[in-house]
Amino acid sequence: MNRILLGSLRGIAFGAIDVAITVLGNHPGRATGMFLPALFSRFAIGILGATVSVPMNPILCGALVGLLISLPDAFAIKAYAEILGTGIVFGALVALAVKLWAR
């Protein structure tokens, strides 16, 4: 499968998962409209995690992309562990999927 298509599909899926976590969880910024930023930052993790090529282990590279994209949201909402944790995990999973299935 194409890297960009795989990253887009993973980004949409992880964005939907993150919005569901936000809806079901008790986050401080829930009422201030953090659903679209959560969706789009996870979509960006999907795209960039699938396409960025750094001379390191691809899974670590995906985790790094997830961390860097999640930092602004974590600072804005002041929910560091939740946002950074899901960003790192989603980035690593995107990179793993690319490693296993992409051309």
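Within the bounds of segment 44-66, is there any residue that is in contact with a Ser or Thr (Cβ under 6 Å, 6 or more places away or on another chain), within 16 Å of GLU82 (Cα to Cα) and surrounded by 15 or more Cβ atoms within 10 Å (Cβ to Cβ)?
No.
Consider only pairs whose beta carbons are under 9 Å apart and that are at least six residues apart or on different chains; among these, list those whose first residue lies in segment 20-43 and is closer than 25 Å to GLY62 by Cβ and at pLDDT 70 or above and whose second residue is buried (at least 17 other Cβ atoms within 10 Å of the Cβ) and of a type in the set (Phe, Trp, Tyr).
Sorted first by the residue in segment 20-43, then by its partner, the pairs are ARG42/PHE14; ARG42/PHE90; PHE43/PHE14.
Where residues in segment 82-103 are among the small types (Gly, Ala, Ser) and under 11 Å from ARG42 (Cα atoms), which of them is surrounded by the fewest Cβ atoms within 10 Å (Cβ to Cβ)? Don't jump to the end; show me each part of the working.
Kept after step one, since they are among the small types (Gly, Ala, Ser), are these residues of segment 82-103: 85, 87, 91-92, 95, 97, 102.
Still in the list and also under 11 Å from ARG42 (Cα atoms): 87, 91.
Values: GLY87: 27, GLY91: 31.
That would be GLY87.
If I go through segment 72-81 residue by residue, how many of them are free of Cβ contacts under 8 Å to residues at least 40 places away in the same chain and either surrounded by 15 or more Cβ atoms within 10 Å (Cβ to Cβ) or among the charged types (D, E, K, R) (or both)?
The number of residues fulfilling the criteria is 2.
Among the listed residues ILE77, ILE69, which satisfies the condition of being out of contact with any strand residue (DSSP E or B) (no Cβ under 7 Å at 6 or more places or on another chain), modelled with pLDDT under 90 and of a type in the set (A, V, I, L, M, F, W, C)? Walk me through how you get there before you give the answer.
Values: ILE69 fails: modelled with pLDDT under 90.
Result of the check over ILE77, ILE69: ILE77.
The values are calculated or read from the model by the stated rules, or taken from the named source; none is laboratory data. Here the structure is a predicted model, which is why all the values come from computation and not from measurement. Neighbour counts run over all protein chains shown; Cβ positions are idealised from the backbone, glycine included.
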